[in-house]
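The structure appears right after this line, and notes come after that.
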Amino acid sequence: MSLLTSLLISPPQKGKYDPYMVPTVGFNMHKVKKGKVSISVWDLGGQKPYIGMWTRYCRGADCIVFVVDAADAGSLMVAAEELHRLMAHPTLDGIPLLVLLNKNDLPEAIDPAECVNLLELSKIPNREVAWYSISCKNINNIEKALTWLTERSKSK
């Protein structure tokens, strides 16, 4: 299974929360095992020079995971634009999409329903779309997200 994400894993402390973690610049690749499924995680940077490369890494993926900072209202509109631009690419039609609304542990986190509305997830055609409000720090809903992903694996 391959997917696009910046979920939980960041070198050198794979799988551990790091309060000083900086956003990914460029990309990282990791493998995660969940039951009998091996997940290839491509953690792709969201800076302008790297956004154009997202489509290349998503082609042929079993699922696409898009992570947003639900505690940063200012970034949600930009995230929505980039998500819709990515999902409009014809080579990605039919690939399921999982949107993770991260940082639900913070008091300034936007209500999940409002995030979903701002991201206009209901307007994304040609694929299954799901979302979870998560906290990588507190590991809220991470297991549910991983279960959703493994259920859609073509290699299980």
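All of the numbers you see were taken from the coordinates with simple rules; none came from a lab. On a predicted model such as this, the values are computed, not experimentally measured, just so you know. Using ideal geometry, Cβ is built from the backbone for each residue, glycine included, and neighbour counts are taken over all protein chains shown.
Extension gain, residue 137 to residue 85: 0.36 nm times the residue separation minus the Cα-Cα distance gives 15.8 nm. Couplings for segment 118-130, taken from phi via the Karplus curve 6.51 cos²θ - 1.76 cosθ + 1.60 with θ = phi - 60°, read 4, 7, 6, 5, 5, 9, 8, x, 6, 5, 6, 10, 9 Hz in order; Gly and Pro are left as x. Which of the listed residues, 77, 88, 67, is farthest toward the dipole's positive end in segment 65-132, when Lys, Arg count +1 and Asp, Glu count -1 at the beta-carbon? Toward the positive end, the furthest listed residue is 88. When peptides 65-73, 89-97, 142-150 are sorted by average Cβ neighbour count within 10 Å, with the highest value leading, the order is 65-73, 142-150, 89-97. In this structure, residue 128 and residue 108 have a Cβ-Cβ separation that, at R0 = 35 Å, corresponds to a calculated FRET efficiency of about 0.70. What net charge do the residues around residue 115 carry, taking every other residue with its C-beta under 12 Å from that of residue 115, with Lys and Arg at +1 and Asp and Glu at -1? Net local charge, residue 115 excluded: -4.
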